[in-house]
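The values are calculated or read from the model by the stated rules, or taken from the named source; none is laboratory data. Remember, it's a predicted structure, so these values are computed and weren't measured experimentally. Glycine gets a Cβ as well: all are built from the backbone with ideal geometry, and neighbour counts include every protein chain shown. Quick note on the areas: whole protein, heavy atoms, side chains included, nothing else; ligands and nucleic acids left out. Shrake-Rupley method; radii C 1.70, N 1.55, O 1.52, S 1.80 Å.
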2 protein chains.
Amino acid sequence: MLTPVILSGGAGTRLWPVSREAHPKPFMQLADGQSLLQKTLRRVAVLPRVQRVLTLTNREYFFRTRDEYARIKEARHLSFDYVLEPVGRNTAPAIAMAALRLQALEGPEAVMLVLPADHLINDQARFARAVDLAAEQAREGRLVTFGIRPSYPETGFGYIETSEDLVLAGVEDAASSNTRSASCTVRRFVEKPDFMTATAYLESGRHLWNSGMFCFTAGAYLEALQLHAPAVHEGAVACWEASALEQQPLELNPACFASIPDISVDYAVMEQATDVAVVPGDFGWSDIGSWSAVSELTEADGDGNRVDCETVLVDASNCFIRGNDRLVAAVGVENLVIVDTPDALLVANRDRTQDVKKVVEQLKLLDHEAYRLHRTVHRPWGTYTVLEESGAFKIKRIVVKPGASLSLQMHHHRSEHWVVVSGMARVINGEREILVRKNESTYIPYGTAHRLSNPGVIDLVMIEVQSGEYLGEDDIVRFDDQYGRA
Amino acid sequence: MLTPVILSGGAGTRLWPVSREAHPKPFMQLADGQSLLQKTLRRVAVLPRVQRVLTLTNREYFFRTRDEYARIKEARHLSFDYVLEPVGRNTAPAIAMAALRLQALEGPEAVMLVLPADHLINDQARFARAVDLAAEQAREGRLVTFGIRPSYPETGFGYIETSEDLVLAGVEDAASSNTRSASCTVRRFVEKPDFMTATAYLESGRHLWNSGMFCFTAGAYLEALQLHAPAVHEGAVACWEASALEQQPLELNPACFASIPDISVDYAVMEQATDVAVVPGDFGWSDIGSWSAVSELTEADGDGNRVDCETVLVDASNCFIRGNDRLVAAVGVENLVIVDTPDALLVANRDRTQDVKKVVEQLKLLDHEAYRLHRTVHRPWGTYTVLEESGAFKIKRIVVKPGASLSLQMHHHRSEHWVVVSGMARVINGEREILVRKNESTYIPYGTAHRLSNPGVIDLVMIEVQSGEYLGEDDIVRFDDQYGRA
């Protein structure tokens, strides 16, 4: 048995404007329409001996995560277990909570395969083989990390230095079938190097990229944590005991969790432990760390342009253009990244995509909406998209999932006109309850308690025209909510 | 008496995506909210001895032109006269029709000041002085052109070579008050030069930019046309006689007008005539021929960036960014022009803005909507903006001008939900006529004759949700229309 633990948090500020606080990197869709999170689930769902997937995320992302998982048909045989973090506390505490959960479910021998939700792996067969080898080592009580064979002198990753020469030891790629040995021992973890050092690492034959993926038993991790980071261990155990364990999703006690030190698993455990194994692999791994990395996923045309949307190019070369439903024209430009979203546009030098995070830092300082939200906002019941907003009115497209229901609510300052354009709505409007069919409309006066739900089996799509003296999202009184928001 | 003749046609393909076929360059708004057309009207409205303005445009632009003019308070004392061209036939025929019209109204001695609608002139006082001098020459029967003193070796303009050395003759800038003489004689018109030639012209002291602005009497122009381009003259006179002259706006006979040779006033008349005077001027003229020229109108910040919208800039320099309501972020880029509109985006090298026209050529070949229309479409009664469109529904914001009325119409395939968000609507819906107030709605079933009008004195703003099996603009049967479209 092997239990994948998916860590789904990380903002991914380098991938703005697609990645936002409320729509972080795991939810970013690639050209095939699947998100990185969905690809991560699929990757583990097709591994042998997997029956349960444990996901660490937060309340904000929970419903969305569940919906995304539900669309992966390879994962239909799995059971899902969620641990919700009230705040971000880095990987060591997160993995500790996962280990405690798994230990409670399956005992200390339970083998965990820890994966960030926002990486990409191309070669599933080699990945599966590497996981096999790692699980084997983990069952012997070792802490196992996955090391990626460097293909160029990357300065943005940490490196793992092995004790043996990988080539001499015949383990340069554990995932290929003709290796003599499965893994080797970690001598030390090293920080992000400068370019000269990275070049030396590339040539050394003893250095691997630190992928942030791990494999160990719950018991081995907790034991190592207790030994090398006792404060984290103690905090995690206290938080575990203070949380309402019988609920699913398991929501961690906010105060207890917040008091655990914020530290990564590398610092807290892996760099301290003595018996750490590394499984070297070459399975097409990418951490999708920048638009430059994303651009590699789209095939280049003869001029080196990689284009995901409708474009007109005149003397453009080596550009990556990712769009929306708008036309993008480029004239006499080269080496640009152009990323277009409904409310924000990025134009960047392709060699400077790491600095996109500086845009996000500025937006955060300004408390700008484009830091947090997309024009389409996900809610537990579905989505809403602001189509237009002016002083006196606001127009939204509202999509309600089959069987879902908004809260029973009331607004003090706005009336709402609802026109159903697809599906069927059940509407509580004051004392009345009615069905509103496609191409029918209804009107909710201000001060009237109302509730919208979708009794059908296809999405309900509705256009809402709000009118009133104040149209902020905070003009809402919730009387009842099936997602715990009342 | 002096009658400005405003030629309002030209597509302005170099200013895409702001300029479109249905929204050509004269309608382009500058940062102060005024369009080039409005600025042109204002420029002539404040000249002395002007009582009437004659505008040559086409049916498509007529209502919009009238609306734009109505917002220029300096022009309230003027009477407006329109000649509508059924097709574009270049400047010689257009000016011929203007001359025939003016001759009919005021006799052959009527002095015409011919101005393109899409130029910019900064120094009104110097412009007025130059016009005075030109009108003086025109009254003596000469054909007068305005020459702009070159400030750099522009290769995109034609040049006028004068007979006298401008400096020696003391006429290098007729608009300044301390010149001895008012104008000089044109030796010849010269085509767009190469860079070396343009540099020589700049230093010659005898060359001026050909601005495309002219002054002459109606009689002198028609006489010169008859002499130098008899086919144009004959065609223009025939078209004049075949048109319904008593109507305003005066619509030219389509077949007759189309048969006039397509030729510019420069080729047909000015380059052939012997007694052509040029009034040299330095009144801050620009033909706003490219985004590079437009960018000069916005002040640069310390990094040379010129920005008209909300931006976040990280190491960006010498960029021009003109936006809409979206946020634009630029990272590590220089010398770019970024022009953002609701449905199309342009990213161009600032030194290649002339090639924007190639984008438009491609769009025209593709018969792409973004060649013709903006998301906001102007109609005689106001505007509509498509906010969202999907297979099953379409959402529009409709703005109806005070007193305006859409046609009495019917759709076979779509029903319409109307929600009034500002102003008051009068609605004919089948047999009923009702008033719909702000925050009220009504429903027009398919197959029902209906009419929307604005009985009030402020704009009516309405959200329309269309629903049906076919939502094309061509599903419309017009029973009656106050703009002649039924």
- [ ] Answer yes if at least one residue in the stretch A:463-473 is hydrophobic (A, V, I, L, M, F, W, C) and within 28 Å of residue A:66 (Cα to Cα), and no otherwise.
- [x] yes
TODO: Could you tell me whether the stretch A:12-29 includes any residue that is among the acidic types (Asp, Glu) and over 15 Å from the mean Cα position of the chain (by Cα)?
DONE: no
Task: Any chance residue A:403 is more than 9 Å from every other protein chain (Cβ to nearest Cβ) and on the phi > 0 side of the Ramachandran plot - done: yes
Task: Filter result (touching a Gly at 6+ places or on another chain (Cβ under 6 Å) and either within 14 Å of chain B (Cβ to nearest Cβ) or under 10 Å from residue A:55 (Cα atoms) (or both)) within the stretch A:15-27 - done: A:19
TODO: Taking only the stretch B:299-323 into account, find how many residues are within 28 Å of the chain's Cα centre (by Cα) and either at pLDDT below 95 or not hydrophobic (A, V, I, L, M, F, W, C) (or both).
DONE: 8
TODO: For residue B:89, work out the one condition from (1) part of a loop (DSSP other than H, G, I, E, B); (2) within 17 Å of the chain's Cα centre (by Cα); (3) farther than 22 Å from residue B:260 by Cα it doesn't fulfil.
DONE: (3)
Task: Qualifying position, being away from chain A (no Cβ under 14 Å) and within 24 Å of residue B:290 (Cβ to Cβ), among B:56, B:102, B:37 - done: B:37
Task: Of residues in the stretch B:380-404 being polar (S, T, N, Q) and part of a strand (DSSP E or B), the one least open to solvent (accessible area, probe 1.4 Å) - done: B:385
Open item on the list: Criterion first (in a loop (DSSP other than H, G, I, E, B) and farther than 20 Å from residue B:87 by Cα) does residue B:301 satisfy it?
Closed with: yes
Open item on the list: Looking at the stretch B:432-452, can you tell me whether even one residue there is within 28 Å of residue B:390 (Cα to Cα), in a strand (DSSP E or B) and open to solvent by 50 Å² or more (accessible area, probe 1.4 Å)?
Closed with: yes
Open item on the list: Can you tell me which condition residue A:80 does not meet? The list is (1) closer than 19 Å to residue A:278 by Cα; (2) open to solvent by 40 Å² or more (accessible area, probe 1.4 Å), and all the others hold.
Closed with: (1)
Open item on the list: Checking the structure you have, find out if any residue of the stretch A:294-314 is facing another protein chain (nearest Cβ under 8 Å) and under 27 Å from residue A:387 (Cα atoms).
Closed with: yes
- [ ] State whether the residues of the stretch B:413-429 include one that is within 11 Å of chain A (Cβ to nearest Cβ) and open to solvent by 30 Å² or more (accessible area, probe 1.4 Å).
- [x] yes
- [ ] Output the residue which, of all residues in the stretch A:315-335 that are more than 7 Å from chain B (Cβ to nearest Cβ) and within 30 Å of residue A:385 (Cβ to Cβ), is most open to solvent (accessible area, probe 1.4 Å).
- [x] A:325
TODO: Looking only at the stretch A:7-30, decide whether some residue is out of contact with any helix residue (DSSP H, G or I) (no Cβ under 8 Å at 6 or more places or on another chain), surrounded by fewer than 18 Cβ atoms within 10 Å (Cβ to Cβ) and either in the same structural domain as residue A:110 (by TED's automatic domain parsing) or at negative phi (or both).
DONE: yes
Open item on the list: Here's a check for you: in the stretch B:359-374, which residue that is facing chain A (nearest Cβ under 10 Å) and in a loop (DSSP other than H, G, I, E, B) is surrounded by the most Cβ atoms within 10 Å (Cβ to Cβ)?
Closed with: B:368
Task: Cβ-Cβ under 6 Å pairs, at least 6 apart or on other chains, the stretch B:462-485 side within 14 Å of chain A (Cβ to nearest Cβ) and surrounded by 17 or more Cβ atoms within 10 Å (Cβ to Cβ), far side acidic (Asp, Glu) and not in a loop (DSSP other than H, G, I, E, B) - done: B:464/B:416; B:466/B:416
TODO: Could you tell me which of the residues B:312, B:377, B:339 is out of contact with any Cys (no Cβ under 6 Å at 6 or more places or on another chain) and either open to solvent by 50 Å² or more (accessible area, probe 1.4 Å) or closer than 30 Å to residue B:449 by Cβ (or both)?
DONE: B:377
Open item on the list: I'd like the residue in the stretch B:211-229 that is among the aliphatic types (A, V, I, L, M) and open to solvent by less than 60 Å² (accessible area, probe 1.4 Å) and, out of all such residues, is nearest to residue B:101 (Cα to Cα).
Closed with: B:218
Task: Subset of the stretch B:376-400 [facing chain A (nearest Cβ under 10 Å) and under 22 Å from the mean Cα position of the chain (by Cα)] - done: B:385
Task: Residues of the stretch B:31-48 classified as outside any helix (DSSP H, G or I), free of Cβ contacts under 8 Å to residues at least 60 places away in the same chain and open to solvent by 10 Å² or more (accessible area, probe 1.4 Å), total - done: 3
- [ ] Mind listing whichever residues of the stretch A:230-249 are modelled with pLDDT of 95 or more and either open to solvent by less than 10 Å² (accessible area, probe 1.4 Å) or closer than 19 Å to residue A:110 by Cβ (or both)?
- [x] A:232, A:233, A:236, A:237, A:239, A:240
- [ ] Please give the helices (runs of 4 or more DSSP H) falling wholly within the stretch B:181-279 in which 2 or more residues are of a type in the set (Asp, Glu) and over 24 Å from the mean Cα position of the chain (by Cα).
- [x] B:230-242
Task: Pair list, Cβ under 7 Å, 6 or more apart: the stretch B:226-242 residue free of Cβ contacts under 8 Å to residues at least 40 places away in the same chain, other residue open to solvent by 10 Å² or more (accessible area, probe 1.4 Å) and of a type outside the set (Asp, Glu) - done: B:226/B:233; B:231/B:261; B:238/B:256; B:242/B:253; B:242/B:256
Task: For residue B:262: the one exception among (1) farther than 30 Å from residue B:29 by Cα; (2) touching a residue at least 12 places away in the same chain (Cβ under 8 Å) - done: (1)
TODO: Test residue A:349 against the stated conditions and say whether it is open to solvent by 10 Å² or more (accessible area, probe 1.4 Å), within 24 Å of residue A:28 (Cα to Cα), in contact with a strand residue (DSSP E or B) (Cβ under 9 Å, 6 or more places away or on another chain) and more than 8 Å from chain B (Cβ to nearest Cβ).
DONE: no
Task: Top-ranked residue in the stretch B:49-61 [being modelled with pLDDT under 95 and not in a loop (DSSP other than H, G, I, E, B); ranked as least open to solvent (accessible area, probe 1.4 Å)] - done: B:61
